[in-house]
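What follows is a single structure, written as structure tokens, with notes after it.
What follows draws every value from the coordinates through simple rules; no lab data is involved. Just so you know, these numbers come straight off a predicted model, no measurement behind them. Using ideal geometry, Cβ is built from the backbone for each residue, glycine included, and neighbour counts are taken over all protein chains shown.
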Amino acid sequence: MRIYTRSGDKGKTSLIYGQRVPKNDVRVEAYGTCDEANSMIGLALSFLDGEDWSGKSDFVDHIHRVQTILFHVGAELATPKEKDVMWQLKQSHIDELEQQIDEWDKDLDTLKNFILPSGHSASSALHTARTIARRAERAAVGLGDELGNPLVVQYLNRLSDYLFVAARFVNKQLGGTETHLKADV
């Protein structure tokens, strides 16, 4: 398999099953933004190299699972509505995110203010991934009736919550400081 195909040189790309669409199609924007979020999550994990805490391997394993599911979400977004989806998102995937959010949240201080992305580099990168997941969600919403599986929007919504709590959890584990928003500037 060659890396370059030249098939996109005129501004079009193929969806799964071969349908050609402009590269700025909302579907391409949605799955491309999922890919971007996934890459940022990978960057966040790279900042954890050399860091050690009890439970780090469980944290990384869970994040890797989320990255895999996010890849599948991108594939689902790249599949035209009337076609069979290779990997279909299920309610259980959303439930997993919620369970992990609740688990991590038990160890975190209660939020009384908004916080600014800050602290450990991995935490800040997870906050960035969170905002990218929100953009992917907005693009998925933009598909309207062309979105085959409404769980995709729910998953992306919950993923941003998950990444927010993951960022806070990393700061807690590694001594990163959360910067609280000050109302008077």
Task: Derived scalar couplings ³J(HN,Hα) [segment 150-166; Karplus, 6.51 cos²θ - 1.76 cosθ + 1.60; whole Hz; x for Gly, Pro] - done: x, 5, 4, 5, 4, 4, 5, 4, 5, 4, 5, 5, 4, 5, 4, 5, 4
Task: Pair-distance profile P(r), taking every C-alpha pair of segment 118-167, with 10 angstrom steps and integer % - done: 30, 43, 21, 6, 0
Task: Mean residue ellipticity (222 nm) of the chain, computed from DSSP H runs ≥ 4 via -39,500 (n - 2.57), nearest 500 - done: -19000 deg cm²/dmol
Open item on the list: Taking 8 Å as the Cα distance limit and 6 or more residues as the minimum spacing, I'd like the relative contact order of the chain as a percentage.
Closed with: 29 percent
TODO: Name the long-range amide H neighbours of Thr13: under 5 Å, sequence gap of 5 or more, or other chain; modelled H, no Pro or chain starts.
DONE: Val21, Lys23
- [ ] List the residues whose amide H sits under 5 Å from the amide H of His120, counting only those 5 or more places along or on another chain, with H placed 1.01 Å from N in the peptide plane.
- [x] Gly176, Thr177
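If neighbour count is taken as other Cβ atoms inside 10 Å, put Tyr4, Tyr155, Tyr31 in order from fewest to most.
Numbers: Tyr4 7, Tyr155 28, Tyr31 23.
In increasing order of surrounding Cβ atoms, one gets Tyr4, Tyr31, Tyr155.
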